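Asks: Mind looking over this structure? Questions follow.
Since every read-out is calculated from the coordinates, none of them should be taken as a lab result. Only a predicted model underlies this, so the values are computations on that prediction, with no experimental measurement involved. Cβ coordinates were reconstructed from backbone atoms using ideal geometry, including for glycine residues, and neighbour counts include every protein chain displayed.
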Amino acid sequence: MSIDEANKTCLQRIQESTAVWSDIKTAKDVIPGMTQRTVLHAGPPVAWEHMCGPMRGSITGACIYEGWASTPEEVEQLAISGELEFDSSHHRNAIGPMSGIITPSMEVNVVTNTVHGIETYSTLYMGIGKVLRHGAFDDEVMTKLRWMNKELAPLLKSALGRAGGIDLKSIVAQALQMGDELHNRNKASNALLLTALVQHLISVGEKNEVVKAIDFIDKAGHFILNAVMAGSKGMLDAGSNIENSTIVTALARNGHETGIRVSGLGDRWFTAPAPMIEGVYFPGFGPEDANPDMGDSAITETIGLGSFAMAGAPAVVEYIGGTAKFAMETTLKMYEITVGEHETFKLPPVNFRGTPLGIDIRKVVETGITPVINTGIACKRPGVGQIGAGLTAAPMECFTAALEAFVLRNKS
Amino acid sequence: MKPDQSLLQQPIRVINIGLESFSEDLRKAEIPVIQMDWRPPAGGDLRLVALLDSLAEEA
């Protein structure tokens, strides 16, 4: 099969994929290979000694939540002694924003690609500011984490069961035409999700817990993000492992390195040091407090959302910085490094063109344009949390390394 | 070419490919100019260009 034919097959499998938020289950019951001490994290694999402050903070919170330790010192001892089994979530059909920490007792969204029979998993979205995924772990964070897993998750599970699942792909398509880009702007998608969910929440829950759940999902602002990320991974995984395809199927960062995976190159990661982020900081914080780029959420860009869909979401620049003109220019640039356009995700401001889809390592290297990423900024110190949001770009070294490997593979 | 059809006797409109300072000089002279966003393939890295060329045969 030629490269063009392989890429066409890859895109077709992605295009025909679905993403249905179908259930909530406990991580240890559904995530493959989840042992009693497994700790999954965002991005390519990274050892404890290279993990950044916010990722260590998140692991500290997760270990306290699991009852494995009660102080950061005890967690560090567990990690150094090798008692924690670290792995990339991407290796286990899972995905997570920022540090993306998943431990066995956490409840996870189950998102199903019904066409290709792929299930993917992500934790529940916690909100912005002082949250676990950004490395915060004080009593307030732990109380919220326990409520989400012990009370909110069972309620959502019942509601989803009654609904028979919620079609995320349709919500994404609709929200793109309502001014969202589905990474850092989810005003419409979050409301659409709540609209789809609310009648079922009311039907299965007690009034007080339902009111609390609705209020939380509404105020969290981006509650849908984690489920959309799992859905994006499920759709892209359908396009992975296509012999001779040059399309990127994963783009992820762990706060130390950024990595990509390419369909025709299997599960290999091509990595480079994670870049810093240019952005807008919350009051009291600045660039000197920022951690390098982190999280699996660039899976949204990989599926044609986030910065790739910014032309349809000019208001997102109020959160991440830039101008409406820049938002348009970014989407137009991303068309230069992709081989197709999404058949379902359409952008009104560019005459309903589909969002740029199928990042091609050849085009990235040839044009010198790397994928732009809209993202949150974590404080580099563990225990603080999110301090802003902004823009960065995947390092070119990931793509040149992948290109070299691709050529070498074809020669052998 | 007749003298009144000379290029220099018509209004000049320019598309510039390459150094943007050429565009800036023309703009200062109030000449309409479009700066094309162009750069050499792979930033001019011949090794990468060779890798891309080797794949072009398989495309």
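Asks: Given Cα pairs under 8 Å that are at least 6 residues apart, what percent is the relative contact order of segment A:302-348?
Replies: Numbers: 34 pairs, mean separation 19.3, N = 47.
That works out to 41 percent.
Asks: Given H placed on each backbone N at 1.01 Å, which residues far from residue A:250 in sequence or on other chains put an amide H within less than 5 Å of it?
Replies: For residue A:250, whose amide H was placed from the backbone, the distant partners under 5 Å are A:261.
Asks: With charges only on Cβ, +1 for K and R and -1 for D and E, what is the dipole size of the protein assembly as shown about its Cα centre, in debye, rounded to 20?
Replies: Details: 40 positive and 55 negative charges, 151 e Å.
Dipole of the protein assembly as shown, to the nearest 20 debye: 720 debye.
Asks: Ok, one more. Pick out, from A:102, A:229, A:90, the residue whose Cα sits farthest towards the positive end of the charge dipole of segment A:16-230, with +1 on the Cβ of Lys and Arg and -1 on the Cβ of Asp and Glu.
Replies: My answer, from the dipole projection, is A:229.
Asks: Please report the relative contact order for segment A:16-230, taking Cα pairs under 8 Å with a sequence separation of at least 6, and give it as a percent rounded to a whole number.
Replies: Details: 381 pairs, mean separation 60.5, N = 215.
The value is 28 percent.
Asks: Counting only other residues whose beta carbon sits under 13 Å from that of residue A:98, what net charge do I get with K and R as +1, D and E as -1? Before the final figure, lay out the partial values.
Replies: Values: positive: A:56, A:130, A:133, A:253, A:380; negative: A:293, A:296.
Taking every other residue near residue A:98 into account, the sum is +3.
Asks: In addition: If you take each beta carbon of peptide A:357-370 and count the beta carbons of other chains within 10 angstrom, what is the mean? Write out the running numbers ahead of the final one.
Replies: Working: counts 0, 0, 0, 0, 2, 6, 1, 1, 9, 7, 4, 8, 2, 0.
Mean inter-chain Cβ contacts per residue within 10 Å come to 3.
Asks: Considering only C-alpha atoms, what is the centroid distance from segment A:65-89 to segment A:123-187, in Å?
Replies: If you average the Cα positions of each part, the centres end up 25 Å apart.
Asks: Restricting attention to the alpha-carbon atoms of segment A:1-153, what are Rg (one decimal) and Dmax (integer), both in Å?
Replies: In order Rg, Dmax, the Cα atoms of segment A:1-153 give 17.0, 56 Å.
Asks: In terms of Cα to Cα distance under 29 Å, which lysines are near enough to residue A:380, apart from those fewer than 8 places away along the same chain?
Replies: Cα-Cα hits under 29 Å: A:130, A:144, A:187, A:219, A:233.
Asks: Taking each pair of distinct Cα atoms in segment A:267-412 once, what is the resulting Kirkwood hydrodynamic radius in Å?
Replies: Working: mean 1/r = 0.0619 Å⁻¹.
Taking the inverse mean of 1/r over all distinct Cα pairs, segment A:267-412 comes out at 16.2 Å.
Asks: Could you work out Rg/(2.2 N^0.38 Å) for the protein assembly as shown, with Rg from alpha carbons only? List each step's numbers first, then the result.
Replies: Numbers: Rg = 23.5 Å, N = 471, 2.2 N^0.38 = 22.8 Å.
After normalising by residue count via 2.2 N^0.38 Å, the value is 1.03.
Asks: When we measure straight from the Cα of residue A:363, which lysines land under 16 angstrom away, once same-chain ones fewer than 8 places off are left out?
Replies: Leaving aside lysines fewer than 8 places away in the same chain, those within reach of residue A:363 are A:8, A:333.
Asks: Can you give me the P(r) profile for segment A:33-114? Cα pairs, bins 10 angstrom wide beginning at 0, each as a whole percent.
Replies: Calculated over all Cα pairs of segment A:33-114, the distribution is 18, 57, 21, 4, 0 percent.
Asks: For B:47-59, what's the mean count of beta carbons from other chains sitting within 10 Å of each residue's beta carbon? Display every interim value, and only then the final one.
Replies: Numbers: counts 2, 8, 2, 1, 8, 7, 0, 4, 10, 2, 3, 8, 8.
For peptide B:47-59, the averaged partner shielding equals 5.
Asks: Also, I was wondering about something else. How do B:20, A:404 line up, fewest other C-beta atoms within 10 Å first?
Replies: Fewest-to-most Cβ neighbours within 10 Å comes out as B:20, A:404.
Asks: Once you keep just the Cα pairs under 8 angstrom separated by 6 or more residues, what percentage relative contact order results for chain A?
Replies: Values: 1017 pairs, mean separation 87.2, N = 412.
Relative contact order for chain A comes out at 21 percent.
Asks: I would also like to ask the following. Rank by packing, highest mean first: peptides A:189-197, A:128-136, with packing defined as the count of other Cβ atoms within 10 Å averaged across residues. Kindly include the intermediate steps, with their values, before the conclusion.
Replies: Values: A:189-197: 19.3, A:128-136: 24.7.
Result, highest mean Cβ count within 10 Å first: A:128-136, A:189-197.
Asks: Out of every Cα pair in segment B:12-56, what percent are spaced more than 11 Å from each other? Write down the numbers at each step before the final one.
Replies: On the way: 677 of 990 pairs.
Looking at segment B:12-56, the distances longer than 11 Å represent 68 percent of pairs.
Asks: Still on this structure, please answer the following. Under a GNM of chain A (C-alpha, springs under 10 Å), which listed residue has the highest mean-square fluctuation: A:216, A:399, A:270?
Replies: Residue with maximal mean-square fluctuation among A:216, A:399, A:270: A:216.
Asks: If you count, for every residue in B:36-44, the Cβ atoms of partner chains within 10 Å of its Cβ, what is the mean?
Replies: That works out to 3 on average.
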